[in-house]
Amino acid sequence: MGATEAKTVHSPALTYFSMLSLLSLCPPFVILLWYTMVHADGSVVQTWNFLKQHGLQGFLEIWPRPTAVAWKIIFVYGAFEAALQLVLPGKRVEGPISPTGHRPVYKANGMAAYFVTLVTYISLWWFEIFNPTVVYDHLGEIYSALIFGSLIFCVFLYIKGHVAPSSTDSGSSGNLIIDFYWGMELYPRIGKSFDIKVFTNCRFGMMSWAVLAVTYCIKQYEANTKVSDSMLVNTTLMLVYVTKFFWWEAGYWNTMDIAHDRAGFYICWGCLVWVPSIYTSPGMYLVNHPVNLGPQLAFYILFAGILCIYINYDCDRQRQEFRRTSGKCKIWGKAPSKIEAIYTTTSGETKTSLLLTSGWWGLARHFHYVPEILAAFFWTVPALFNHFLPYFYVLFLTILLFDRAKRDDDRCRSKYGKYWKLYCNKVPYKIIPGIY
């Protein structure tokens with residue numbers, strides 16, 4: 001599915017080019033971003049001049065070797081999160097029915113795992129058992145270890161998909177590169193209950209975002225004996241966003257990442273390496289570049305950021321409520337308008353889906369991406385505008401979400417046919433109401 005999806009969205013040549021580019025360029029970019037943020041004053045020009053002067057040899061010198069400390073930190077963190085995923089109690093939640101008719105079952109304990117993780121981490125620091133600054137001081141080595149370790153993990157997923165798939169939602173496109181990049185399995189598991197994608201996407205990737213946000217805050221406090229208001233705004237907004245994610249985690253299991261994208265390099269390497277490095281990068285920059293915003297500006301940025309996160313949450317909540325009640329609910333005080341779409345599964349069954357065309361979902365087909373991009377801007381803007389690099393995440397997120405909107409539209413067009421055309425006539429804008 002991932003493979004055919006890739007082909008329907010872009011031409012085969014572009015698909016190969018983008019896959020090989022990402023496979024080869026993402027790992028060095030993570031190291032260059034870390035080096036620039038931590039050792040080159042956040043200046044792309046400074047890093048560029050260093051590389052121009054020293055060439056490939058210089059680049060190899062700045063690439064940290066994975067150390068025993070780095071591996072230990074990753075292993076302890078990963079094992080802790082895996083244990084929480086397995087052990088903590090949670091409500092039984094069913095995911096959407098897959099094209100082959102398989103319905104995955106999850107244990108929704110993300111919020112509990114998030115709470116336990118942050119309380120444990122902050123307590124270890126507070127009672128002087130473990131100092132989170134160690135994580136910051138070994139960050140380059142940790143990213144280096146994650147880059148190599150996650151590549152090996154993706155090879156494991158590729159082999160597992162061939163040898164021991166967990167469900168009927170797996171298969172090969174017949175092309176090694178596409179299989180490795182897009183993945184073989186939709187719902188890979190170890191045993192009956194350990195869901196690999198929940199671990200990589202939620203419990204390792206998203207959880208690391210919160211853990212590192214707290215790490216950067218503590219590092220700045222330990223270095224300067226105080227935390228700047230810019231760092232507080234950045235950390236607060238990131239934590240509000242990640243809290244929102246875990247509060248809504250069961251809803252995330254219905255999204256494209258889990259229900260449509262298979263477990264390969266694109267999703268799993270991205271969650272294991274790209275999220276802890278790129279997503280957290282505005283905070284990484286602020287550690288050594290504290291900005292004093294003043295109470296008024298800090299409050300305005302904080303308020304705007306929280307408002308965007310709330311709207312993003314409310315978009316998802318609206319759609320979830322609409323699906324849960326089969327359209328028998330109130331949206332913005334009145335009955336929702338909808339389109340009843342009939343489609344056929346790969347096994348030949350005829351099914352019906354309801355497409356919501358009012359509330360936030362009447363403004364644009366993917367309007368929820370607007371507040372998400374704006375929220376990222378608001379937790380980055382405390383860094384002000386001395387350097388471009390802190391804004392890389394905002395730029396990346398914009399490209400990612402616009403591409404995701406295109407992939408989602410293409411998938412729905414082939415799934416719903418004439419009903420999707422009807423839906424697009426009713427909700428003509430893709431992302432930005434009145435513009436795009």
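Things to note:
- Residue match in region 197-204 (condition: part of a strand (DSSP E or B) and among the β-branched types (Val, Ile, Thr)): no
- Flag if ALA79 is surrounded by 15 or more Cβ atoms within 10 Å (Cβ to Cβ) and free of Cβ contacts under 8 Å to residues at least 12 places away in the same chain: no
- Test for VAL105: is it within 14 Å of VAL198 (Cβ to Cβ) and either of a type in the set (D, E, K, R) or surrounded by fewer than 15 Cβ atoms within 10 Å (Cβ to Cβ) (or both): yes
- Contacts under 9 angstrom Cβ, first residue in region 165-188 being open to solvent by 30 Å² or more (accessible area, probe 1.4 Å), partner β-branched (Val, Ile, Thr), 6 or more apart: SER166/ILE190; SER166/ILE196; THR168/THR100; SER172/ILE178; SER173/THR4; PHE180/VAL155
- For region 249-278, taking the residues that are open to solvent by 20 Å² or more (accessible area, probe 1.4 Å), assigned to a loop (DSSP other than H, G, I, E, B) and out of contact with any helix residue (DSSP H, G or I) (no Cβ under 6 Å at 6 or more places or on another chain), the one that is farthest from ILE309 (Cα to Cα) is identified as HIS260.
- Among the criteria (1) in contact with a Leu (Cβ under 7 Å, 6 or more places away or on another chain); (2) open to solvent by 10 Å² or more (accessible area, probe 1.4 Å); (3) small (Gly, Ala, Ser), the one SER230 does not fulfil is (2).
- Some residue of region 52-61 being open to solvent by less than 20 Å² (accessible area, probe 1.4 Å) and in contact (Cβ under 8 Å) with a residue 24 or more places away in the chain: no
- Filter result for LEU302 (open to solvent by 10 Å² or more (accessible area, probe 1.4 Å) and more than 29 Å from HIS102 (Cβ to Cβ)): yes
- Consider region 397-436 and keep the residues that are among the hydrophobic types (A, V, I, L, M, F, W, C) and under 14 Å from GLU340 (Cα atoms). The one that is most open to solvent (accessible area, probe 1.4 Å) is LEU422.
- Region 279-299, residues that are part of a helix (DSSP H, G or I), surrounded by fewer than 20 Cβ atoms within 10 Å (Cβ to Cβ) and not aromatic (Phe, Trp, Tyr): ASN288, PRO295, GLN296, LEU297, ALA298
The values are calculated or read from the model by the stated rules, or taken from the named source; none is laboratory data. This is a predicted model, so every value here is computed, not measured. All Cβ positions, glycine included, derive from the backbone under ideal geometry; neighbour counts span all protein chains shown. Heads up: the accessible areas ignore ligands, DNA and RNA and are worked out on the full protein's heavy atoms, side chains in. Shrake-Rupley method; radii C 1.70, N 1.55, O 1.52, S 1.80 Å.
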